[in-house]
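Notes follow the structure.
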Amino acid sequence: MKNIKITLSDSEIPEYYLNISYYLKKYLGRLPDSPLNPGTKQPIKGEDLAVIFPMELIKQEVSLEEKITIPEEVRELYKLYRPTPLIRAYRLEKFLDTPARIYYKYEGTSPTGAHKLNTAIAQAYYNKKEGTKTLATETGAGQWGSALALAANFFEMKLVVFMVRVSFDQKPFRKTVMETYGAEVFASPSEKTEFGKKILKAKPDHPGSLGIAISEALETVVKNKGYKYSLGSVLNHVLLHQTVVGLEAKKQMEKIGEYPDIIIGCCGGGSNFAGLAFPFLVDKLKRKKKTRYIGVEPISCPSLTKGQYRYDFGDTACMTPLLKMKTLGSDFIPSPIHAGGLRYHGMAPLISFLYEEKLMEAVAYEQNPVFQAGVDFARCEGIIPAPESSHAIKAAMDEAIKAREEGKKKVILFNLSGHGLLDLNGYDKFLHNQL
């Protein structure tokens, strides 16, 4: 009998987050350049960040410890949906007529339908412990906003969300999800902040961007006592929390005696890719494995494949520290593709560093081939994937086709980071030739 789904028990949920910085320093001998204070151009200090983040997250941001213990309260909430299944894509393999063995880690089983809840719960927990009353954040497609809305609800905090306007219009039910969990949601740019008003005055129909939404969330935090900022990708502590994905996947593959030749994840800010890849990447740093790592992004927002590796602001209003990353420029406004979670001008400093060190590869795709991959996957495996995840599916399919052409039995693992049941507007347009 075919083993289609590899599962773990609740007791096998990871007890710690894995810190890739520890391994980079130990085996590579160097780390990404530190964030800089934009005023002094000196490395940022913890007290500089204390206005927007709780101290425990600031410590995690700069930590060089190998493992960070997951608080028991967080692990208990993880049990609502973790461990998530690792699934063998037999029908997709047959469709592609490939000798490759394709596996996907399915994070769409979370209550909000995506991997974002892994860090949302942790961030809400640490904020609650420090006495935060209200969180403010941005969201692109709404997956992060939905996750943080649920997490804030769990810990009895209020949440204000600035949602990129084009996604606010494209994905109205994500707003409904956030509001159901108790969040207050505004289309960004909005009339709620001075920066939002400035943008709208210059261009009333501005589609928005994650950079603008971040600026509005930060302005809200700075101007309101008791508020803290929370974000769903890019920074080290966010990527750290997502390593529960890869730690589980590694254990699941060990159970069936497999190890991936290729690991794939979509890349917007980087947390999706990092969560799956980092626990496996440790073996590459130790020179035990030669696995290829592929980050996948949209051609319309190609920070890895086309961006410059330099210091840049994380937001459009230039309020954040300067981050050394692959960037298209903090004023970059991407086209309104439906993969809203991938419309960010920069890439996580850790991911950018790995790319520059040639420890990973990157590929970019147009929107239509990505939706076709999503449709093919849905018809084979039954799951309608989020457009973001469909980028990883497209790359996995391409690698499986290469394996067929080369006659090689590659093991391919990708992160299916969310379902697409609230992205049907995009699928509808694709199926009716309107994209």
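Things to note:
- The calculated FRET efficiency for residue 429 paired with residue 80, based on their beta-carbon distance and R0 = 41 Å, is about 0.80.
- Share of pairwise Cα-Cα distances greater than 15 Å in segment 247-307 is 54 percent (whole percent).
- Equivalent ellipsoid semi-axes - Cα gyration tensor, segment 77-165, angstrom: 34, 15, 8
- Dipole check for the chain: with +1 at the C-beta of Lys and Arg, -1 at the C-beta of Asp and Glu, and the Cα centre as origin, the magnitude is about 780 Debye.
- Segment 140-281 pair-distance distribution - Cα-Cα, 5 Å bins, rounded %: 2, 10, 16, 18, 17, 14, 9, 7, 4, 2, 1, 0
- A simple spin-label model places pseudo-atoms 7 Å from Cα toward Cβ; at residue 331 and residue 37 they are separated by 2.7 nm.
- Extreme residue, positive dipole direction of segment 106-204, given options 148, 200, 183 (C-beta unit charges): 200
- Checking (i) 47; (ii) 65; (iii) 59 against the coordinates, the calculated percent of Cα pairs over 27 Å apart falls under label (i).
- Database remark: amide H of residue 347 closer than 5 angstrom to the amide H of 326 (H placed geometrically; neighbours at sequence offset of 5 or more, or on other chains; Pro and chain starts carry no H).
- For segment 286-435, the spread of Cα positions along each principal axis, largest first, Å: 45, 44, 21
- Once the Cα gyration tensor of segment 355-435 is diagonalised, semi-axes √(5λ) in Å: 24, 15, 12
- Extension gain for the segment residue 7 to residue 156, taken as residue separation times 0.36 nm less the Cα-Cα distance, is 50.5 nm to one decimal.
- Packing, taken as the mean count of other beta carbons within 10 Å per residue, orders the peptides 150-156, 102-108 from highest to lowest as 102-108, 150-156.
- Contour minus Cα-Cα distance for residue 176 and residue 203 (0.36 nm per residue): 7.1 nm
- Under conditions of 25 °C and 0.890 mPa s, segment 156-197 yields 231 µm² s⁻¹ as its translational diffusion coefficient, taking Rh as the Kirkwood radius over Cα pairs in the Stokes-Einstein equation.
- Adding -39500 (n - 2.57) for every DSSP H run of four residues or longer, then dividing by how many residues the chain holds, sets the calculated 222 nm ellipticity at -12000 deg cm²/dmol.
- Distance from segment 344-415 to segment 1-49 (C-alpha centre basis), Å: 22
- 3J(HN,Hα) along segment 140-146: x, 6, x, 5, 5, x, 5 Hz, from the Karplus curve 6.51 cos²θ - 1.76 cosθ + 1.60 with θ = phi - 60°, whole Hz, x for Gly and Pro.
- Legend: residue pairs 45/326; 133/324; 129/284; 228/250; 79/158, Cα-Cα distance threshold 25 Å; pairs beyond threshold, 133/324; 129/284; 228/250.
- Charge dipole (the chain, unit charges on Cβ, about Cα centre) - positive-most of 83, 215, 226: 83
- Over segment 280-435, relative contact order from alpha-carbon pairs under 8 Å, at least 6 apart, %: 20
- The magnitude of the dipole of segment 24-166, with charges of +1 and -1 set on the Cβ of Lys/Arg and Asp/Glu and taken from the Cα centre, is near 400 debye.
- Dipole moment magnitude, nearest 20 debye, segment 113-225 about Cα centre, only Lys, Arg, Asp, Glu C-beta charged: 100
- Cα→Cβ-extended label distance, 7 Å offset, between residue 359 and residue 66, nm: 1.6
- Peptides 116-123, 68-75, 213-220, ordered by how many other C-beta atoms sit within 10 Å of their residues on average, highest first, read 116-123, 213-220, 68-75.
Every read-out reported here was derived from the displayed coordinates using simple, explicitly stated rules and does not represent laboratory data. The structure displayed is predicted, hence computed values, not measured ones. Cβ: placed from backbone, ideal geometry, glycine included. Neighbour counts: every protein chain shown.
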